[in-house]
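**Q** Just passing along the structure, written as structure tokens.
The values are calculated or read from the model by the stated rules, or taken from the named source; none is laboratory data. Note that the structure is a prediction, hence the values are computed from the model and not measured. No Cβ is skipped: glycine too gets one built from the backbone with ideal geometry, and neighbour counts run over all protein chains shown. Heads up: the accessible areas ignore ligands, DNA and RNA and are worked out on the full protein's heavy atoms, side chains in. Shrake-Rupley method; radii C 1.70, N 1.55, O 1.52, S 1.80 Å.
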Amino acid sequence: MPGDDGNVAIAAHRDSFFRSLEHIAVGDPIELDTPTSRRLYRVSDLSVVEPTDTYVLADDGSNVLTLITCYPFRFIGSAPQRFIVRALAVELPETQIQRIH
């Protein structure tokens, strides 16, 4: 689940919520807000895969955020591939972790 440890995977449409991923770069920060907390991630890898490449969802024990959307971004119709953003959790001291109540 978003905000939990492990591989948190979120998929969204390239024409709406994930339109801005077209301009993301390795090293960019991502803040993930949930009803109970805020976590910070840093983009570590960008890739394009086939829709059947589900290995991107595997949990290898690291705290990682995986964002998935269709690719290419400006393709008309059903896009043939998937754009993958992998971001590693930035470990913050407990005093800097923002809890939302």
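**Q** Output yes when any residue across the stretch 17-32 is among the polar types (S, T, N, Q) and open to solvent by less than 70 Å² (accessible area, probe 1.4 Å), and no when none is.
**A** No: the stretch 17-32 contains no residue that is among the polar types (S, T, N, Q) and open to solvent by less than 70 Å² (accessible area, probe 1.4 Å).
**Q** On to the next question. Test each condition in (1) assigned to a strand (DSSP E or B); (2) out of contact with any Pro (no Cβ under 6 Å at 6 or more places or on another chain); (3) open to solvent by less than 80 Å² (accessible area, probe 1.4 Å); (4) within 20 Å of residue 8 (Cβ to Cβ) for residue 82 and report the one that comes out false.
**A** (2)
**Q** Output the number of residues of the stretch 1-60 satisfying the condition of being in a strand (DSSP E or B) and among the basic types (Lys, Arg).
**A** Final tally of qualifying residues: 3.
**Q** Could you list all residues from the stretch 33-55 that are at pLDDT 95 or above, surrounded by 14 or more Cβ atoms within 10 Å (Cβ to Cβ) and aliphatic (A, V, I, L, M)?
**A** Matches in the stretch 33-55: 43, 46, 49.
**Q** Working only within the stretch 26-37, note down all residues that are closer than 19 Å to residue 12 by Cβ and more than 12 Å from the chain's Cα centre (by Cα).
**A** 33, 34, 35
**Q** Can you find even one residue in the stretch 63-73 that is over 25 Å from residue 91 (Cα atoms), open to solvent by 80 Å² or more (accessible area, probe 1.4 Å) and out of contact with any helix residue (DSSP H, G or I) (no Cβ under 9 Å at 6 or more places or on another chain)?
**A** Checked against the condition, which is being over 25 Å from residue 91 (Cα atoms), open to solvent by 80 Å² or more (accessible area, probe 1.4 Å) and out of contact with any helix residue (DSSP H, G or I) (no Cβ under 9 Å at 6 or more places or on another chain), the stretch 63-73 yields no hits at all.
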